[in-house]
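Take a look at the structure below.
The values are calculated or read from the model by the stated rules, or taken from the named source; none is laboratory data. Please read these numbers as outputs of a predicted model, since none were measured by experiment. Ideal geometry is used to build each Cβ from the backbone, glycine not excepted, and the neighbour counts take in all protein chains shown. Heavy atoms of the whole protein, side chains included, go into the accessibility calculation; ligands, DNA and RNA do not. Shrake-Rupley method; radii C 1.70, N 1.55, O 1.52, S 1.80 Å.
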Amino acid sequence: MSDKTMSAQDVVGRLESGMTLGIGGWGSRRKPMALVRALLRSEITDLTVVSYGGPDVGLLAAAGRIRTLVAPFVTLDSVPLEPHYRAAREQGAFELREVDEAMFMWGLHAAANRLPFLPVRAGLGSDVMRADPGLRTVTSPYPDAVTGIREELIAMPALRLDAALVHMNRADRAGNGCYLGPDPYFDDLFCEAADTAYVSCERIVDTAELTKEAAPQTLLLQRSSVTGVVETPNGAHFTSCVPDYGRDEAFQKLYATTPYAEFAERFLGGGEDVYQGAVRAWREEGGR
């Protein structure tokens with residue numbers, strides 16, 4: 001098995017402006033924040049971002065890096081609506097394609113299976129079709145066994161990605177990755193839907209160790225769908241990465257209530273070591 005380890009800077013060096021970028025995790029949970037911070041230190045812009053949105057979207061939106069966002073929501077969980085995303089959206093800084101959560105999932109499934117679309121019931125009877133006039137419906141070629149009706153369904157287009165960024169608790173050097181928390185989210189689909197996929201993790205371990213801490217079914221990512229692996233301890237901060245650590249609620253509150261330019265100057269001006277050091281200094285100052 002080949003060694004796919006690289007640095008966050010190596011990952012960003014393989015990305016380009018104008019790409020469609022998928023970002024795994026969910027809200028403010030297990031987001032690949034170290035990779036997002038590395039992306040913010042680059043000149044890459046004009047992105048189409050596909051995400052169950054959290055502070056990844058908020059930071060990229062505030063920095064003016066997003067051309068189009070495809071998302072079912074953008075939240076910090078304990079803060080229902082991500083404030084930096086909201087500010088950028090209110091200013092018309094990017095185009096939004098908002099879809100139902102399940103539609104989003106089936107869009108990833110379609111891309112992972114290299115299908116142009118998948119039919120879904122989710123979104124029917126809602127304003128989704130009005131909000132996104134580009135969506136189409138499809139009539140089932142098969143009549144219902146009881147009613148004989150050929151059902152009309154939403155044809156959710158595939159969410160094909162140029163690249164995906166996800167964060168795992170553990171990974172090996174070949175790109176196999178496992179989660180140790182209660183939820184896999186959809187990180188495997190993000191990787192399978194992408195032409196290239198980059199995994200950050202709390203710790204790189206030998207392959208045999210991946211299933212020592214948890215059951216085999218937690219081995220979520222297969223090396224065949226992963227391009228590169230980056231070891232980033234505390235790399236999901238300030239989002240949660242259970243059981244390694246929970247969400248840093250105090251720091252998240254600071255982020256949510258601080259103007260982006262001020263937050264960026266204080267915490268995003270250097271590499272990941274600088275960021276982690278600035279967070280430690282903030283704690284030592286009593287969280288001020």
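Tabulated data
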read-out: Top-ranked residue of the stretch 21-73 - restricted to ones that are among the small types (Gly, Ala, Ser) and assigned to a helix (DSSP H, G or I), ranked as nearest to residue 243 (Cα to Cα); value: 34
read-out: Test: residue 78 is in contact (Cβ under 8 Å) with a residue 60 or more places away in the chain, at negative phi and part of a loop (DSSP other than H, G, I, E, B); value: yes
read-out: Tally of residues being open to solvent by 10 Å² or more (accessible area, probe 1.4 Å) and among the β-branched types (Val, Ile, Thr) across the stretch 1-58; value: 6
read-out: All positions within the stretch 118-143 that are in contact with a helix residue (DSSP H, G or I) (Cβ under 6 Å, 6 or more places away or on another chain) and either closer than 24 Å to residue 27 by Cα or part of a strand (DSSP E or B) (or both); value: 118, 120, 122, 123
read-out: Selection from the stretch 144-164 of residues that are in a loop (DSSP other than H, G, I, E, B) and either among the hydroxyl-bearing types (Ser, Thr, Tyr) or open to solvent by less than 90 Å² (accessible area, probe 1.4 Å) (or both); value: 144, 147, 148, 151, 158, 159
read-out: Of all residues making up the stretch 258-288, the number that are in contact (Cβ under 8 Å) with a residue 12 or more places away in the chain, open to solvent by 30 Å² or more (accessible area, probe 1.4 Å) and assigned to a helix (DSSP H, G or I); value: 3
read-out: Whichever residue in the stretch 67-86 is more than 16 Å from residue 24 (Cα to Cα) and touching a helix residue (DSSP H, G or I) at 6+ places or on another chain (Cβ under 7 Å) and, among such residues, is least open to solvent (accessible area, probe 1.4 Å); value: 82
read-out: Residue count, the stretch 211-236 (criterion: touching a helix residue (DSSP H, G or I) at 6+ places or on another chain (Cβ under 8 Å) and over 22 Å from residue 163 (Cβ atoms)); value: 2
read-out: Selection within the stretch 239-257 - open to solvent by less than 20 Å² (accessible area, probe 1.4 Å) and either of a type in the set (Lys, Arg) or out of contact with any Lys or Arg (no Cβ under 9 Å at 6 or more places or on another chain) (or both); value: 252, 255
read-out: Filter result (charged (D, E, K, R) and over 24 Å from residue 13 (Cβ atoms)) within the stretch 229-248; value: 244, 247, 248
read-out: Residues within the stretch 148-186 that are over 22 Å from residue 50 (Cα atoms) and among the hydroxyl-bearing types (Ser, Thr, Tyr), tallied; value: 0
read-out: Any hit, the stretch 5-15, residues being assigned to a strand (DSSP E or B), among the hydroxyl-bearing types (Ser, Thr, Tyr) and over 17 Å from the mean Cα position of the chain (by Cα); value: yes
